[in-house]
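Asks: Have a look at this one before I ask anything.
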Amino acid sequence: MMSIFALMDRLSSGRKQAIALAIDTVMLPFALWCAIALRLGEWAPDVVAFWPAFLVSALVCVPVFGTLGLYRHIVRYMGRDAFVAILKGVTITSIAITAVAYMVPLTGFPRSVPVIFWLLSLVYVTGTRFLVRTYAESVIEHVSRSNPVVIYGAGETGIELARQLQQAGDHFPVAFLDDDPTLHGRVIHGLQVHAPGELGQLTVLHRVREVMLAMPHTPPRQRGRIIAALEPFGVRVRMIPDIGGLLARSSPLQPRDVQIEDVLGRDEVDPLDHLLEGSVRDRSVMVTGGGGSIGSELCRQIMRLQPTRLVVVEHSEFALFQIENDLRDIAEVEAPGVSFVPLLGNVTDDAFMRRTMEAFNVETVYHAAAYKHVHLVEQNVVPGIVNNTFGTLATAKAAVQAGVRRFILISTDKAVRTSNVMGASKRLAEMALQAMQEEHPETCFSMVRFGNVLGSSGSVVPLFLKQIETGGPVTVRHPEVTRYFMTISEAVELVLQSGSMATGGDVFLLDMGRPVNIHELARRLVRLKGFSIRDDLYPDGDIEIRFTGLKPGEKMHEELLIGSAATGTEHRKILRAEEAFVRWAELEPVLDELREDCERFDVEACKHRMLSVIDGASFAPERHDASQGADILELPRTRSS
């Protein structure tokens, strides 16, 4: 029987319509014969004299059905429109039979037959389709029982999801879970609603391996708690989009796997519009490193905030090509009056940067260009310093010469008590801007310091997901390593607002929430994908977590604050740090000497020079301090907010 349905399912839509038409052509005269037999009370009534009525029953009703679009309806998805078409068709046919009976006339034709025919035709035409639909659903249910799922959320989205799953046949819903105790024990759409704590029983009873979360409007923190509660059951957890996507017949059901944003459960904070637009709207804005993870999202959000012009500087042609395409799409739909200028260039080219800023009357610069991969910069010390420190310095000097009003540096938590060259190069960039602020108060310099962003090219999460999909092992540096995480869109939104609050020399810290243990994060991702963890206690588990050790320059825990003082701002997720800085007169000679070290490609001298001026910095395996040589400079420091 399943093979018959499979054969029918492979037929073209035209052939399926032809079969339905043929069935109706036979069924409608049969309904008329039954109506006459019922009216006369005979098993074999003499109907030869009534042949015109039989001819009309087929020749009128079938074309009417076709005109009303009945044969375009897919039997499995028939609804109210199809029933209305059947109702209209049999009504018109009954009227036509009555007219023929009186016009021919048909002697002895019972006057009540058209009414009986109308009732029987409704039953026969609707019934045949209902039987086909019931049979199809039974076959689908039989096939899909190998993929039983539980739906978390018995609301509107969950009910629509259950209906679509039952029709699609890829998965078979066996129950609802819901937090609302008033729903527990009730049956909705043929499925019983259970308390979340009963999932363990359902996994055993129905062999459930997957839970679909149908709660698109649940706050992130609550959603994170739900996901955490599902982890111990060893089921794959997937998310369902808003009900609008489910109701769109043209788009198939596309549940997505749980993402790290769902696991972290960070509550979103609405931006303050006057801060979001303050440094962007109706201004000429430049973004350096506009093709990178942070830079490209900066470009997209800035474009939507209606600047007069957006200048994008990027040294990678491919990255610039990609962000140019994104901005063109945004300009067509959301920012038709905004021009954007994609430029290939290097931030270390001070002449190029100055002329570009002057040519396009740049008022605000977001400096996101940087080499940010710790282990790569550790292996390429000189290029890292040249790009991160001297690239920032060149761009900042160009901004002063071009009369730029605001300059915002995208910094990193790795600049705090750094143990690697990347962090040190970024801290030096911060220090250069802090020192320049005193010398050039006409340009407002500020920097925004935050940790890892999810989905960036350096994020560990995509690597974990790829390793899980390939069966592992999942590689973690150390069981105690922690990192801060934030979504790219949230980080950029806060960066834009921070720049508008700057008064000069500000160091802003973004509230990254609590640090996340990377080992525990890896374990959660494995479990939420429906896999078990292979270790000494469970040697038959699916995926192993392997510790590889910290790479040179990596820290066990990252920090955001160098000192101990930070104050709140107008935005509750943005803090202002109060940190010591070196005046330009003392910092400039060190930078000049560091530049000479870079030109000689003297890596050890470069490291030694950075350690001489950066508080709390240390490079493994060697640690330089004042006791190791007379070249160490102790510079006087001034407090700055």
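Asks: Once fully extended, how much extra length lies between Ala228 and Arg405, figured as 0.36 nm per residue of separation less the alpha-carbon to alpha-carbon distance?
Replies: Stretched out fully, the Ala228 to Arg405 stretch lengthens by 59.1 nm.
Asks: Evaluate the distance, in nm, between pseudo-label points positioned 7 Å from the Cα of Thr567 and of Leu376 along their respective Cα→Cβ axes.
Replies: 3.9
Asks: Based on other C-beta atoms within 10 Å, arrange Ser446, Ser489 from fewest to most.
Replies: Ranked by crowding around the Cβ, least crowded first: Ser489, Ser446.
Asks: Oh, and also: Can I get the semi-axes of the range 465-589's equivalent ellipsoid? Compute them from the C-alpha gyration tensor as square roots of 5 times the eigenvalues, in angstrom, largest first.
Replies: Whole-Å semi-axes of the equivalent ellipsoid: 39, 18, 12.
Asks: Please list, in chain and number order, the residues 5+ apart from Phe547 or on another chain whose amide H is under 5 Å from its amide H, with Hs placed from the backbone.
Replies: Val476
Asks: To make sure I understand, if each residue's beta carbon is the centre and we count other beta carbons within 10 Å, what order do Arg417, Arg186, Arg527 fall in, fewest to most?
Replies: Ordered by Cβ neighbours within 10 Å, fewest first: Arg186, Arg417, Arg527.
Asks: Asp540 to Glu198: FRET efficiency via 1/(1 + (r/R0)^6), r the Cβ-Cβ distance, R0 30 Å, to the nearest 0.05?
Replies: E between Asp540 and Glu198, to the nearest 0.05, is 0.65.
Asks: To the nearest 20 debye, what charge dipole does the range 274-628 have about its Cα centre, counting +1 at the Cβ of each Lys and Arg and -1 at the Cβ of each Asp and Glu?
Replies: Computed charge dipole of the range 274-628: roughly 620 debye.
Asks: Shifting gears a bit: Sort His367, His217, His375, His440 so the one with the fewest other Cβ atoms within 10 Å of its own Cβ comes first.
Replies: His217, His375, His440, His367
Asks: How much length is gained on full extension from Ser339 to Ala585, taking 0.36 nm per residue of separation minus their Cα-Cα distance?
Replies: 84.5 nm
Asks: Tell me, what is the FRET efficiency for Ala22 and Arg209 to the nearest 0.05, using R0 = 35 angstrom and their Cβ-Cβ distance as r?
Replies: Efficiency computed from Cβ-Cβ geometry: 0.20.
Asks: When DSSP assigns beta bridges and you keep just the ones with both residues in the range 274-628, what percent turn out antiparallel, to the nearest 5?
Replies: Close to 20 percent.
Any read-out appearing in this document is the output of simple, stated calculations on the displayed coordinates, not a laboratory observation. In this text, all values refer to a predicted model and were calculated from it rather than measured experimentally. So basically every Cβ, Gly included, is an ideal-geometry build from the backbone, and we count neighbours across all protein chains shown.
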